[in-house]
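Note sheet for the following structure.
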């Protein structure tokens, strides 16, 4: 097959041949893509790039001049460049920690409903991990059924979000020297939601004006996310969906099939995508696809949810990479 030639504009956007082909097709159809929106923004805001603009209160928006001799050096509230940058970074940390941790809350809620017999098609797939986690929380497992254990575990995990005083249980997995360092720096988290809320509090006008102290609170929320929300999401997902094992799959745009119904799962939560994978293998759904002259149902993934279904089911990723194609139907 003759090698296709593309404009310098397309070649400058991606080195991946499949992406180049898609970009050329989008250009042909007049479709807007992320690169178009980026280029329309140029030049991007220099104040925003440096983090020296702020609109956290109604006295703003404010911006501080990066030039030594010219322009304002403080916001209306008195915040210096260091304070402004720290506040902006912390609010980004709060948003990220909230997203990760709310993912965990959703998984815990699904485990709770499953334990109560209200989980629909969800079930406990890793009994050993369920019991291991329960024992980590001091929950009795002997002579008890999975549903009873799971109910106690879900409630214990729920409590991690609203705690006012720590520790968050999974932080006890860290080496003792690491925990001692967290305590020394005053960044051992107390509760997942509390650290996120404290960021929003401290970054408001007239509260915390010490950039170092602000960054330390960002670290505390990050530990609450990593050793709290993110770890809870990982562990409970294994309980509900099964602990992953090495699988072979395929990646990039070649995973899409002309003769099948293509479904792309994306986002940050595996709760829905697990059911989409299950539905794609259902005989009735496959029969319906074939009724409309499709050869089957092909599920592929993008982003974090794509990785979840990749590592558990071998579902291919509709992005860059190589491997073996896993076909449904």
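The values are calculated or read from the model by the stated rules, or taken from the named source; none is laboratory data. Everything quoted here is computed from the prediction, not taken from an experiment. For neighbour counting, all protein chains shown are included, and Cβ atoms are generated from backbone atoms with ideal geometry for every residue, glycine included.
Annotations for the structure displayed:
- Meets criteria (in contact with a helix residue (DSSP H, G or I) (Cβ under 9 Å, 6 or more places away or on another chain), outside the structural domain of residue 305 (by TED's automatic domain parsing) and closer than 23 Å to residue 92 by Cα) for residue 164: yes
- Selection count, the range 25-76, where residues are under 23 Å from residue 90 (Cβ atoms) and assigned to a helix (DSSP H, G or I): 5
- Residue check, residue 216 closer than 30 Å to residue 93 by Cβ, surrounded by 21 or more Cβ atoms within 10 Å (Cβ to Cβ) and modelled with pLDDT of 95 or more: no
- Filter result for the condition that a residue is assigned to a helix (DSSP H, G or I) and farther than 19 Å from residue 225 by Cβ, over 133, 112: 112
- Single residue of 198, 165, 136 found to be free of Cβ contacts under 8 Å to residues at least 40 places away in the same chain and over 23 Å from residue 217 (Cα atoms): 136
- Conditions (1) out of contact with any helix residue (DSSP H, G or I) (no Cβ under 7 Å at 6 or more places or on another chain); (2) in a loop (DSSP other than H, G, I, E, B): number failed by residue 172: (2)
- Residues (in contact with a strand residue (DSSP E or B) (Cβ under 7 Å, 6 or more places away or on another chain), farther than 20 Å from residue 308 by Cα and assigned to a loop (DSSP other than H, G, I, E, B)) located in the range 253-289: 257, 260
- Residue check for residue 274: at pLDDT 90 or above, touching a helix residue (DSSP H, G or I) at 6+ places or on another chain (Cβ under 6 Å) and either in the same structural domain as residue 100 (by TED's automatic domain parsing) or surrounded by 22 or more Cβ atoms within 10 Å (Cβ to Cβ) (or both): yes
- Hey, residue 9 in a loop (DSSP other than H, G, I, E, B), over 21 Å from residue 204 (Cα atoms), out of contact with any strand residue (DSSP E or B) (no Cβ under 8 Å at 6 or more places or on another chain) and not assigned by TED's automatic domain parsing to the domain that holds residue 215 or not: no
- Selection from the range 64-92 of residues that are buried (at least 21 other Cβ atoms within 10 Å of the Cβ) and either in contact (Cβ under 8 Å) with a residue 24 or more places away in the chain or under 26 Å from the mean Cα position of the chain (by Cα) (or both): 79, 83, 84, 86, 87, 90
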